[in-house]
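Presented below is the structure to which this report refers.
The values are calculated or read from the model by the stated rules, or taken from the named source; none is laboratory data. No experiment lies behind these values; they were computed from the predicted model shown. Cβ: placed from backbone, ideal geometry, glycine included. Neighbour counts: every protein chain shown. SASA here: full protein model, heavy atoms, side chains in, ligands and nucleic acids out. Shrake-Rupley method; radii C 1.70, N 1.55, O 1.52, S 1.80 Å.
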Amino acid sequence: MHLQNLLPILSALGITSAAIITSKPAHLWATHYNGNVYTLALKNNDLSISQTLKTCGDMPSWLTLDAQTRTVYCSDESGTADPSTNGTLTALHVKPDGTLRQGAVAKTVGGGVNSVIYESDAGKKFIAIAHYEGSAISTFALPIKQNQSSLQAFHFNLTRPGKFDQQDSPHPHEVILDPTGSFIVSPDLGADLLRVYAIEDGPSGKLSECPSVNITYGSGPRHGVFWTDGTGRSEVGSTHSRKIAAVGETMFYLVNEIGGTMMVFDVSYSRSGCLSFEQTQTLVLYPGGVMPEGATPAGISRIGNALYVSIRSDQGFAPSDSMVVLDRSPVDGSVELRDSSSAFGKVPRTFVINRAGDLVAVGNQASATVAIVRRDPRTGNLGEEIASLQVGEPGKVGTAEGLSSVIWDE
């Protein structure tokens, strides 16, 4: 029966049509450098705060969801490489209404800015954390327990002076799981390196170091994404058999914060059990081929052959900064700029595309706003802002203040 035929019956029961068609709210979580984690609800193009939770140390910086256990892991950016200081890793349990309850807290080396969950051969879960100020990568077995020690911690030193002030020490900025779930790659902004780790065979969840990849001096690699066609087959005799299973053509797209470029790499899986990267392209990430003075690329995401990068402090859509869309060639994997659009705020540090591919949540650090932007799943184009909300107080451009991350509950 059509809705219009039901209206008289619903009216008699005191039920309006709006009550029938109103959708269940979508939830997001956001961190702010003021020490709070926020639960947000998006309903009927209205974005609101449903919880403000003081947690995750002095500088909550990144959230990673374990959807299976309904646990959000929050990294704290406070602390440095000095062992007398530390950050934290906090488990936040998701309640049925999408709000969070604090669980166990573990101490980490300082400066946690990004994390990724991975699994061992036995299916046990672990989390790897990139520590920007801590000049380290650490891992923990999941679920974490109160005051749990790290499984491993890799500490780094510069082998040569950095080209810019930001490169005063190694600064791992992200940890990325490869398409097979067998390797972790970390762009190191301070050392101009891609650090590569193989997840050891067996149940331990430990990482073993592979040869690092040198990035052009002064580039400052920040974030990246993999692409794969998902084809291929295992090669008998590999010392890391699962690391070659189901691997066909694989590529890696790297965003360089200081250089303002994207680098494209062909990725190969060697019989030695490590990854190899061959650079095939470098592209300036801005229309006209020149990045505005003071502007820097930040986050990157990909759906199919469309790639998205946020640009901080370019004021391309004043008073807002920009998002750029790039197209990946299905022939050789190269990229070219398609378009730019508004980030609907200042300093878009992070952004996330929902699973349906029709909405993008942009976390604008300096304006401390979460902007929900429409995306056309067919064309990949970004469009209008359908909702926006200030989350915590604004931050000063160029400082560790304001909104630090946002993720969907998916």
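Looking at the range 90-107, is at least one residue of a type in the set (Gly, Ala, Ser) and closer than 23 Å to residue 167 by Cβ? Even if it seems obvious, please write down each step before you answer.
Pass one, the range 90-107, residues of a type in the set (Gly, Ala, Ser): 91, 98, 103-104, 106.
Cutting the leftovers down to closer than 23 Å to residue 167 by Cβ gives us none.
No; the residues of the range 90-107 include none that is of a type in the set (Gly, Ala, Ser) and closer than 23 Å to residue 167 by Cβ.
For residue 56, all conditions in the list (1) over 20 Å from the mean Cα position of the chain (by Cα); (2) assigned to a loop (DSSP other than H, G, I, E, B); (3) of a type outside the set (D, E, K, R) hold save one; what is the number of the exception?
Evaluating residue 56 over (1) over 20 Å from the mean Cα position of the chain (by Cα); (2) assigned to a loop (DSSP other than H, G, I, E, B); (3) of a type outside the set (D, E, K, R) leaves (1) as the failure.
From the list 68, 146, which one is open to solvent by 60 Å² or more (accessible area, probe 1.4 Å), farther than 28 Å from residue 215 by Cβ and within 19 Å of the chain's Cα centre (by Cα)? Write out each step before concluding.
Details: 146 fails: within 19 Å of the chain's Cα centre (by Cα).
The unique qualifying residue is 68.
Assuming residue 79 fulfils every condition listed in (1) crowded, with 20+ Cβ neighbours inside 10 Å; (2) at pLDDT 95 or above; (3) assigned to a loop (DSSP other than H, G, I, E, B) apart from one, which condition is it?
(2)
Could you please find all residues in the range 296-344 being of a type in the set (A, V, I, L, M), in a loop (DSSP other than H, G, I, E, B) and surrounded by fewer than 19 Cβ atoms within 10 Å (Cβ to Cβ)? Outline the logic, then answer.
Taking the range 296-344 and keeping what is of a type in the set (A, V, I, L, M), we get 298, 300, 303, 306-307, 309, 311, 318, 323-326, 331, 335, 337, 343.
Going one step further and asking which of them are in a loop (DSSP other than H, G, I, E, B), we end up with 318, 331, 343.
Passing the criteria: 318, 331.
Which ones in the range 382-397 are touching a residue at least 12 places away in the same chain (Cβ under 8 Å) and either hydroxyl-bearing (Ser, Thr, Tyr) or surrounded by fewer than 21 Cβ atoms within 10 Å (Cβ to Cβ) (or both)? Quick ask: steps written out before the conclusion?
So the first thing to find is which residues in the range 382-397 are touching a residue at least 12 places away in the same chain (Cβ under 8 Å), and the list is 382-383, 385-397.
Within the range 382-397, 383, 385, 386, 387, 388, 389, 390, 393, 394, 396, 397 qualify.
In the range 252-290, how many are acidic (Asp, Glu) and over 30 Å from residue 208 (Cβ atoms)? Lay out the reasoning, then the answer.
Applying the first criterion (acidic (Asp, Glu)) to the range 252-290 yields 257, 266, 278.
Checking which are over 30 Å from residue 208 (Cβ atoms) leaves us with none.
The total comes to 0.
Please specify each residue of the range 82-126 satisfying the condition of being of a type in the set (D, E, K, R) and surrounded by fewer than 14 Cβ atoms within 10 Å (Cβ to Cβ). Walk me through how you get there before you give the answer.
Taking the range 82-126 and keeping what is of a type in the set (D, E, K, R), we get 82, 95, 97, 101, 107, 119, 121, 124-125.
Residues satisfying the conditions are 82, 95, 97, 101, 124.
Could you list, in sequence order, all residues of the range 242-255 that are at pLDDT below 95 and in contact with a Gly (Cβ under 7 Å, 6 or more places away or on another chain)?
243, 246, 247, 248
Say whether the condition of being assigned to a strand (DSSP E or B) and either free of Cβ contacts under 8 Å to residues at least 24 places away in the same chain or open to solvent by 30 Å² or more (accessible area, probe 1.4 Å) (or both) is met by at least one residue in the range 369-381. Give the steps one after another, and end with the answer.
Residues of the range 369-381 that are assigned to a strand (DSSP E or B), as a first pass: 369-375.
If we keep only those that are either free of Cβ contacts under 8 Å to residues at least 24 places away in the same chain or open to solvent by 30 Å² or more (accessible area, probe 1.4 Å) (or both) too, we end up with 374-375.
Yes: one or more hits.
Restricting to the range 169-188, count the residues that are buried (at least 22 other Cβ atoms within 10 Å of the Cβ) and in a strand (DSSP E or B).
Total meeting the criteria: 7.
Using the structure shown, decide if residue 236 is of a type in the set (Val, Ile, Thr), at pLDDT below 95 and either outside any loop (DSSP other than H, G, I, E, B) or loosely packed, with under 15 Cβ neighbours inside 10 Å (or both).
Yes; evaluated as a whole, the condition is true for this residue.
Can you spot a residue in the range 345-359 that is under 21 Å from residue 61 (Cα atoms) and open to solvent by 60 Å² or more (accessible area, probe 1.4 Å)?
Scanning the range 345-359 turns up at least one residue that is under 21 Å from residue 61 (Cα atoms) and open to solvent by 60 Å² or more (accessible area, probe 1.4 Å).
Could you list, in sequence order, the residues of the range 1-46 that are at pLDDT below 50, surrounded by 10 or more Cβ atoms within 10 Å (Cβ to Cβ) and either in contact with a Pro (Cβ under 8 Å, 6 or more places away or on another chain) or part of a loop (DSSP other than H, G, I, E, B) (or both)?
Step one: of the range 1-46, the residues at pLDDT below 50 are 1-22.
Those still in the list that are surrounded by 10 or more Cβ atoms within 10 Å (Cβ to Cβ) too: 3, 6-7, 9-11, 15-17, 20, 22.
Matches in the range 1-46: 15, 16, 22.
From the set of residues in the range 189-210 that are in contact with a Phe, Trp or Tyr (Cβ under 7 Å, 6 or more places away or on another chain) and closer than 14 Å to residue 130 by Cα, which is surrounded by the fewest Cβ atoms within 10 Å (Cβ to Cβ)? Walk me through it before giving the result.
Taking the range 189-210 and keeping what is in contact with a Phe, Trp or Tyr (Cβ under 7 Å, 6 or more places away or on another chain), we get 191-192, 194, 196-199, 205, 207-210.
In the following step, the residues that additionally are closer than 14 Å to residue 130 by Cα were identified as 191, 194, 196-197, 207.
Numbers: 191: 25, 194: 24, 196: 20, 197: 25, 207: 22.
Taking the candidates together, the pick is 196.
Hey, does the range 256-273 have a residue that's open to solvent by less than 20 Å² (accessible area, probe 1.4 Å), at pLDDT below 95 and either more than 17 Å from the chain's Cα centre (by Cα) or not basic (Lys, Arg) (or both)?
Checked against the condition, which is being open to solvent by less than 20 Å² (accessible area, probe 1.4 Å), at pLDDT below 95 and either more than 17 Å from the chain's Cα centre (by Cα) or not basic (Lys, Arg) (or both), the range 256-273 yields at least one hit.
Among the residues of the range 151-158, is there at least one that is in contact (Cβ under 8 Å) with a residue 60 or more places away in the chain and among the small types (Gly, Ala, Ser)?
No; the residues of the range 151-158 include none that is in contact (Cβ under 8 Å) with a residue 60 or more places away in the chain and among the small types (Gly, Ala, Ser).
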